[in-house]
Amino acid sequence: MTDKQNIQKAFVCGWPIKHSRSPLIHSHWLKELELEGSYEKISVTSEDFAQFLNSLKENGFAGGNITIPHKEHALELVDDLDDAAKKIGAINTIWFEGDRLIGSNTDWIGFASNLDQYVQGWDNKEKIKKPALVLGAGGAARGIVYALLQRGFQKILIANRTYEKSIKLAEDFGPKLKAIPMGDLENIPSDLSLLINTTSLGMSGHQSISPTIVEMISNLGLETIVTDIVYIPLKTEFLKCAEDRGLSVVDGLGMLLHQAAPGFEKWFKKFPTVSQELRNLVIADMEKSE
Ligand code: ATR
């Protein structure tokens, strides 16, 4: 008989939570690694969120993932934060160390590991000296800026529809960052090491990318690596445009898969692999719900 005490339980909570693919990812790893454990989707409203966190221990959870709209609120409710969560200003992963609830943000790991997997040398000595350009200044952009700084990038440009938000982000992260108005994109240096879209532009059902962005991409040097955090569709308009220019592109699905791995290790004590099989599983699920 299985000893129920040894079954680790984890969750993802948010509102709405119906479309989360995290259960698919974690259940795949539990099965692959032959671990006794569970990972469930829990719908939690903003009013109930604090109480939900308070009762985790008594409900036997080892930890879990936190998603929209609770990622910022969770900062105030956990006992301890790692450096990434503090700088990014949001939490997506929590776990217990003894009775203390620890909060972390693993989006930056997801971003960096995705590029590690697909583009060797994306953060080498030469690349980090050249500017990286981030489009957008929301929560996702903060995670990516954190990753770029961790990997040693020396100049990070931020362009956002609302210019004030990009200025605030640059101030928060220090002198290696520079906010640039969207209107100045046409004067961007052509030797960017990286171009990253963190906005919802080009996502299914959202607005298209602007002619200014298309024009900028068409002037980029062929060394620029282009990536998008949007993964529905997998090949976004932004990535298609970069491919037409002959640039190397990396889609955003790997970021989703890799950000999940550190949490899994905290709760279930084994580090999982982001395999092609897992990627195919998630793609099949995305196609099913199209
Ligand atoms: P996330 O956590 O995914 O980053 P967010 O914090 O809501 O989500 O940020 C969304 C980003 O996409 C912002 O940079 C937003 O620009 P604003 O700061 O001007 O709102 C950007 N964005 C969303 N829709 C956009 C659009 N139609 N055109 C340009 N930028 C857009």
On the given criteria, is residue 202 surrounded by fewer than 20 Cβ atoms within 10 Å (Cβ to Cβ) and either touching a residue at least 24 places away in the same chain (Cβ under 8 Å) or more than 25 Å from residue 246 (Cα to Cα) (or both)?
no
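Take residue 274 and tell me if it is buried (at least 20 other Cβ atoms within 10 Å of the Cβ) and either more than 29 Å from residue 192 (Cβ to Cβ) or out of contact with any Asp or Glu (no Cβ under 7 Å at 6 or more places or on another chain) (or both). First the steps, then the outcome.
Working: buried (at least 20 other Cβ atoms within 10 Å of the Cβ): yes; either more than 29 Å from residue 192 (Cβ to Cβ) or out of contact with any Asp or Glu (no Cβ under 7 Å at 6 or more places or on another chain) (or both): yes.
Criteria met by residue 274.
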Within the group 133, 201, which residue is away from the ligand (no atom under 12 Å from the Cβ) and of a type in the set (A, V, I, L, M)?
133
Which one is surrounded by the fewest Cβ atoms within 10 Å (Cβ to Cβ), of the residues in segment 136-173 that are away from the ligand (no atom under 11 Å from the Cβ) and of a type in the set (Gly, Ala, Ser)?
152
Any idea which residue in segment 53-102 is surrounded by the fewest Cβ atoms within 10 Å (Cβ to Cβ), counting only those that are of a type in the set (A, V, I, L, M, F, W, C) and assigned to a helix (DSSP H, G or I)?
75
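Considering only residues that are touching a strand residue (DSSP E or B) at 6+ places or on another chain (Cβ under 9 Å) and under 22 Å from residue 83 (Cα atoms), look in segment 112-122 and name the one that is surrounded by the most Cβ atoms within 10 Å (Cβ to Cβ).
So the first thing to find is which residues in segment 112-122 are touching a strand residue (DSSP E or B) at 6+ places or on another chain (Cβ under 9 Å), and the list is 114-115, 117-119, 122.
Subset that is under 22 Å from residue 83 (Cα atoms): 114-115.
Numbers: 114: 25, 115: 22.
Checked segment 112-122; the qualifying residue surrounded by the most Cβ atoms within 10 Å (Cβ to Cβ) is 114.
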Output the qualifying pairs, or none if there are none: Cβ atoms under 8 angstrom, residues six or more apart or on different chains, first residue in segment 65-78 and farther than 27 Å from residue 27 by Cβ and away from the ligand (no atom under 13 Å from the Cβ), second residue of a type in the set (A, V, I, L, M) and in a loop (DSSP other than H, G, I, E, B).
75/90; 75/91
Would a scan of segment 42-52 turn up a residue that is part of a strand (DSSP E or B), surrounded by fewer than 17 Cβ atoms within 10 Å (Cβ to Cβ) and of a type in the set (Gly, Ala, Ser)?
yes
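The numbers here are math on the coordinates, done by the rules we state, and not lab data. Remember, it's a predicted structure, so these values are computed and weren't measured experimentally. FYI the Cβ positions are ideal-geometry reconstructions off the backbone, even for glycines, and counts take in every protein chain you see.
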